[in-house]
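Trainee: Questions regarding the structure given below will be posed in turn.
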Amino acid sequence: MAIVTLLMDSGESDHYVAAVKARIITINPGVRVEDISHRIEPNDIGHAAFVLRSVFRDFPKGTIHLVGVDAVGNRGDAYIALQLEDHFFVGCDNGLFGLISDKTHQNLCELNTINAITTTFPERDIFAPAAVKLASGVALSDLGRPMPFFKKMIDRQIKATRKQIAGHVIRVDGFGNLITNIPKDVFETLSRDKTFTLQFGGEKFRRIHTQYHQADEGECFIVFNSLGFLEIGIYKGNAATLLGLDYDSIMNITFDE
Amino acid sequence: MAIVTLLMDSGESDHYVAAVKARIITINPGVRVEDISHRIEPNDIGHAAFVLRSVFRDFPKGTIHLVGVDAVGNRGDAYIALQLEDHFFVGCDNGLFGLISDKTHQNLCELNTINAITTTFPERDIFAPAAVKLASGVALSDLGRPMPFFKKMIDRQIKATRKQIAGHVIRVDGFGNLITNIPKDVFETLSRDKTFTLQFGGEKFRRIHTQYHQADEGECFIVFNSLGFLEIGIYKGNAATLLGLDYDSIMNITFDE
Amino acid sequence: MAIVTLLMDSGESDHYVAAVKARIITINPGVRVEDISHRIEPNDIGHAAFVLRSVFRDFPKGTIHLVGVDAVGNRGDAYIALQLEDHFFVGCDNGLFGLISDKTHQNLCELNTINAITTTFPERDIFAPAAVKLASGVALSDLGRPMPFFKKMIDRQIKATRKQIAGHVIRVDGFGNLITNIPKDVFETLSRDKTFTLQFGGEKFRRIHTQYHQADEGECFIVFNSLGFLEIGIYKGNAATLLGLDYDSIMNITFDE
């Protein structure tokens, strides 16, 4: 029996998360339910997409990811199930799923098209039953009407030339570390045989560490993190607060001639 | 083996929740433990009762709900186990259980009457062993001394006449949505063939939506939610903050002659 | 199959906790994973040690406790696995494990010495695989290079004489209760046949309660809590806020001649 993960933006002081779990367990007590996070900022698709794309591949292939973030979406958004990189996703076609992978989906259908119901709580009433069906081995194409494509949004892109990489902070994590969208492989290709200068806020650095603790306490570390992205932090401190940087702040790397 | 759910007011930065779980697992590793919420405001019986009554019926019948909210209660409050609507509840007789259902209990006993112990942590030392016994099939009446009734408190009631329904906000959820105590069936009976005006804060509305997204972004939606209660929110916004309303704020519906 | 518990300081709004869980489940889906807390303050070894030592013995013997708190540690800190009081612990040798027990460890090894990898996310890449191996019955000594001892730090000690016990607040819990390092047995030995005065902030008390509710609402209770330590609180109130006390505040008991 496959695992169902939950990712919701409802916080944990209400009944919403438990109601979704209870519905899954009631339909099929054999399903294993695991939390990803329920502390996504309300309706924050960017936050949810960052968390989901950072972790979904760590779960076994075939896992079903139920995403209750901005679940009501916008007028006209469909409820969908899709298969992507051998994982399943159930949620609202609000643009979130387009941000988690560059790969083409393997299967896609619109939910709630067979015996459609009206509900203000689709996570419990539509997503949970669909997730249980997928976990029980029902084919995705049997869950609803086929769809040709789902909504894609364009994420913040880096600008990379032989002289410069210009990126942004795409997530301030719970430690206050600043995670950027600058990937290690792009940096390694462009920096070959060159020295470089990193610039963010008023700071300049000419070195990238391999470990957080290569910086001294209270000093900046700059690493390519476990996701393969450039991350700036303050060793044993909160970089966002101390450097005055936030989501969307600019990060520049200039290559010396 | 039945499920044991946990609902506690201790937050998640201490050992309390884990200690209760660990005790359950140590007594019987076969018990499945599921969290409802541990972010109930300290000793807030109203908050806990709202969450519990909103979700307990979503779990399979026979589920045991361990409630560690205001668990020490007031001087003289007993520790109790009860069966209600085919679910089991274990906790303190502090008035909470009287708020979750109008039905009469099926069974009731006072805990800690056989080999009574003194403890400042009844959730771990008294509730957890009782919950495991119920999950293992022990009869409720074997857990302690029979009791005739448990404490009931009177909840905020609506006033409903042919001219008006006067209710209150009974929960501000994590999205800032305002959930009232006005039930859909009462509204539908009284509003038949009539137009109406909803009033709260300085706002007046003459329409109820069936979906959150029928409002425009930043505008009020008014729906009967998945619990069957009137709920006001701001589409993609925080209604409590933006409307300046809170727990106990007044909500009026006037029927036009 | 043994249980693996997780204790992390990463909060719950990121992918970190789920990534560790996912890695464990992917390696061995039979492992049961239970959360202790992920709301430890970033890098707060004292907070984590308090929570861990307060709860680890409530889990069955043989449980594996994965500790991702200050996981990167300081330059030169090893990643370790140890057996202590018949429980297993996996984490960073940053001093935390020396604070959870006075007993001598039964086994100890340095991790990441066989096919060592470089990672900025040791919780997922080093601790999770080690925890799964222990849960699967692999001997601790097979996980890495033997070590003679691990780092010990000296915790806040009480000063106890025939005239006085001087202690400190070692934890302000989620209720605002002040938990001190004054143990019940020391107090009972020294207070035999004597009256005493407790002093903290500007307050003086001459009595210790056995139950929280022996105080009146809004009044101080003073109990030896379920951990066996002196705890001060305000019945249905937040003592830290109302008394203006915090972590490290002084608590004195004077014995009358």
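The values are calculated or read from the model by the stated rules, or taken from the named source; none is laboratory data. All figures in this text were calculated on a predicted structure; none of them were measured in a lab. FYI the Cβ positions are ideal-geometry reconstructions off the backbone, even for glycines, and counts take in every protein chain you see.
Trainee: Show the residue pairs that are 6+ apart or on different chains and have beta-carbon atoms under 8 Å apart, the first residue being within the range A:32-57 and more than 10 Å from chain C (Cβ to nearest Cβ), the second being surrounded by fewer than 18 Cβ atoms within 10 Å (Cβ to Cβ) and polar (S, T, N, Q).
Mentor: Listed by first residue and then by second, the contacts come to A:PRO42/B:ASN238.
Trainee: Kindly provide the set of residues from the range C:90-138 that are in contact with a strand residue (DSSP E or B) (Cβ under 7 Å, 6 or more places away or on another chain), among the aromatic types (Phe, Trp, Tyr) and within 25 Å of A:LEU227 (Cα to Cα), ordered by number.
Mentor: C:PHE127 - this is the single residue of the range C:90-138 that is in contact with a strand residue (DSSP E or B) (Cβ under 7 Å, 6 or more places away or on another chain), among the aromatic types (Phe, Trp, Tyr) and within 25 Å of A:LEU227 (Cα to Cα).
Trainee: Another question, then. Within the range C:59-84, restricting attention to residues that are of a type outside the set (Val, Ile, Thr) and under 22 Å from B:ASP125 (Cα atoms), which residue is farthest from the other protein chains (Cβ to nearest Cβ)?
Mentor: C:GLY62
Trainee: Can C:VAL223 be described as among the hydrophobic types (A, V, I, L, M, F, W, C), modelled with pLDDT of 95 or more, within 26 Å of B:CYS92 (Cβ to Cβ) and under 24 Å from the mean Cα position of the chain (by Cα)?
Mentor: Considered against the rule, which asks whether it is among the hydrophobic types (A, V, I, L, M, F, W, C), modelled with pLDDT of 95 or more, within 26 Å of B:CYS92 (Cβ to Cβ) and under 24 Å from the mean Cα position of the chain (by Cα), C:VAL223 comes out as yes.
Trainee: Name the single residue that is nearest to the chain's Cα centre (by Cα) among those in the range C:1-28 being more than 7 Å from every other protein chain (Cβ to nearest Cβ) and in a loop (DSSP other than H, G, I, E, B).
Mentor: C:ASP9
Trainee: On to the next question. Scan the range B:1-41 residue by residue and report those that are within 20 Å of C:GLY174 (Cβ to Cβ), in contact with a Phe, Trp or Tyr (Cβ under 9 Å, 6 or more places away or on another chain) and surrounded by fewer than 19 Cβ atoms within 10 Å (Cβ to Cβ).
Mentor: B:GLY11
Trainee: Filter the range C:164-206 for residues that are surrounded by 13 or more Cβ atoms within 10 Å (Cβ to Cβ), without any contact (Cβ under 8 Å) to a residue 24 or more places away in the chain and not aromatic (Phe, Trp, Tyr) and give the result.
Mentor: C:ASP173, C:GLY174
Trainee: Give the number of residues within the range B:110-146 that are closer than 23 Å to C:TYR212 by Cβ, out of contact with any Ser or Thr (no Cβ under 7 Å at 6 or more places or on another chain), more than 12 Å from every other protein chain (Cβ to nearest Cβ) and crowded, with 20+ Cβ neighbours inside 10 Å.
Mentor: Final tally of qualifying residues: 5.
Trainee: Can you give me the number of residues within the range A:59-97 that are assigned to a strand (DSSP E or B) and either without any contact (Cβ under 8 Å) to a residue 60 or more places away in the chain or more than 14 Å from the chain's Cα centre (by Cα) (or both)?
Mentor: 13
Trainee: Something else about it: Out of B:ILE253, B:ILE222, B:ILE234, which single residue is within 13 Å of chain A (Cβ to nearest Cβ) and touching a residue at least 40 places away in the same chain (Cβ under 8 Å)? So that I can check it myself, show each step before the final result.
Mentor: On the way: B:ILE253 fails: within 13 Å of chain A (Cβ to nearest Cβ); B:ILE222 fails: touching a residue at least 40 places away in the same chain (Cβ under 8 Å).
Checking each option against the conditions leaves just B:ILE234.
Trainee: Please state which one of A:LYS152, A:LYS194 is among the charged types (D, E, K, R) and touching an Asp or Glu at 6+ places or on another chain (Cβ under 7 Å).
Mentor: On the way: A:LYS152 fails: touching an Asp or Glu at 6+ places or on another chain (Cβ under 7 Å).
Result of the check over A:LYS152, A:LYS194: A:LYS194.
Trainee: Right, another one. Among the numbered criteria (1) on the phi > 0 side of the Ramachandran plot; (2) in contact with an Asp or Glu (Cβ under 6 Å, 6 or more places away or on another chain), which one does A:GLY11 miss?
Mentor: Status for A:GLY11: all satisfied but (2).
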